[in-house]
1. Of all residues being in contact with a Ser or Thr (Cβ under 7 Å, 6 or more places away or on another chain) and of a type in the set (A, V, I, L, M, F, W, C) in the range 90-113, which is surrounded by the fewest Cβ atoms within 10 Å (Cβ to Cβ)? Just the residue, please.
2. How many residues does the range 121-149 contain that are touching a strand residue (DSSP E or B) at 6+ places or on another chain (Cβ under 8 Å), more than 16 Å from LEU14 (Cα to Cα), open to solvent by 20 Å² or more (accessible area, probe 1.4 Å) and in a helix (DSSP H, G or I)?
3. For the structure I just gave you, tell me whether SER18 is closer than 16 Å to ASP134 by Cβ and in contact (Cβ under 8 Å) with a residue 60 or more places away in the chain.
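The values are calculated or read from the model by the stated rules, or taken from the named source; none is laboratory data. Small disclaimer: the values here were computed from a predicted structure and weren't measured. Cβ placement follows ideal geometry from the backbone for every residue including glycine, while neighbour counts extend to all protein chains displayed. The protein model used for the area step is the full one, side chains on, heavy atoms only, and it has no ligands, DNA or RNA in it. Shrake-Rupley method; radii C 1.70, N 1.55, O 1.52, S 1.80 Å.
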Amino acid sequence: MAVRAIRVFGDPVLRATSIAIDQIDDGVRALVRDLLDTVKEPGRAGVAAPQIGVGLRAFSYNIDGDIGYILNPVLVEVSGEPEPVGEGCLSVPGLWHDAIRHPWAKVTGIDLEGNEIVLEGEGLLAQALQHETDHLDGKLYIDRLPPETRRIAMREIRESSWF
């Protein structure tokens with residue numbers, strides 16, 4: 001349908017907990033199409049519904065050319081020792097810092113037909129699963145930064161041209 005504009009830090013929708021999808025209707029189908037169109041843009045690994053202004057529990061992903069979506073995702077399992085991993089966010093443009101993430105993650109949810117979806121993996125996929133489910137809980141990657149790095153990031157945000 002459309003590539004949607006990304007909401008940036010300061011927009012209240014990014015800090016609100018998203019609502020579970022209880023009925024799959026034309027609006028939800030349109031949301032999925034928009035999420036898929038929006039994540040296909042170069043340099044994007046994932047887009048959560050709040051990032052395009054919709055407070056529903058859904059996200060799309062684009063990992064090594066594997067493009068998909070999930071509705072009502074729940075981060076059900078992580079493993080491995082949390083470690084700093086270079087990370088950025090479309091909603092905090094221009095910043096790149098080491099966020100603390102587990103090296104493996106598993107998310108469950110449903111597709112548009114109500115069938116169960118399980119996404120699991122390591123590396124960039126694990127990072128994206130954690131990052132996107134955080135968005136649905138009103139968290140940004142800067143919340144995962146060590147305190148001193150977070151102070152630096154907040155200063156960079158305040159000094160950015162987009163803020």
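1. TRP104
2. Filtering the range 121-149 down to residues touching a strand residue (DSSP E or B) at 6+ places or on another chain (Cβ under 8 Å) leaves 121-122, 124-133, 135-136, 141-142, 144-146, 149.
Those still in the list that are more than 16 Å from LEU14 (Cα to Cα) too: 121-122, 124-129, 145-146, 149.
Okay, now just the ones that are also open to solvent by 20 Å² or more (accessible area, probe 1.4 Å), so 122, 124-125, 127, 146, 149.
Checking which are in a helix (DSSP H, G or I) leaves us with 124-125, 127, 149.
Final tally of qualifying residues: 4.
3. On the way: closer than 16 Å to ASP134 by Cβ: yes; in contact (Cβ under 8 Å) with a residue 60 or more places away in the chain: yes.
Judged against the criteria, SER18 is a match.
Residues checked against (1) in contact with a Gly (Cβ under 7 Å, 6 or more places away or on another chain); (2) closer than 30 Å to THR149 by Cβ; (3) buried (at least 21 other Cβ atoms within 10 Å of the Cβ); (4) touching a residue at least 40 places away in the same chain (Cβ under 8 Å):
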residue	(1), (2), (3), (4)
VAL3	no, no, no, no
GLY27	no, no, no, no
LYS40	no, no, no, no
ARG44	no, yes, no, yes
GLN51	no, yes, yes, yes
GLY55	no, yes, no, yes
TYR61	yes, yes, yes, yes
LEU75	no, yes, no, yes
